[in-house]
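Any read-out appearing in this document is the output of simple, stated calculations on the displayed coordinates, not a laboratory observation. The model shown is predicted, which means the values in this text are computed figures rather than measured ones.
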């Protein structure tokens with residue numbers, strides 16, 4: 001991430017790990033935190049990333065492992081005016 005924006009670099013690294021069978025993506029959630037501290041989920045299709053990876057391959061990745069307490073935990077550590085992702089992997 002750079003300047004509060006998601007970059008394509010992380011998606012490329014994630015895809016490489018998946019392609020090599022090192023990890024499997026079970027859940028993938030994106031959140032944005034506004035300058036006033038308000039946190040909201042961001043749909044994968046709305047994530048601007050500037051990369052060459054088709055991020056929609058992970059659309060719907062949901063095992064049910066993430067819950068609201070996980071979202072709340074991430075919300076406390078991301079900086080205002082930025083975004084974050086939370087993904088359990090195996």
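In terms of overall dimensions, the C-alpha atoms belonging to the stretch 8-86 reach 39, 28, 19 Å along their principal axes, ordered largest to smallest.
At full extension, residue 65 and residue 39 could sit 7.4 nm farther apart than now, given 0.36 nm per residue minus the alpha carbon distance.
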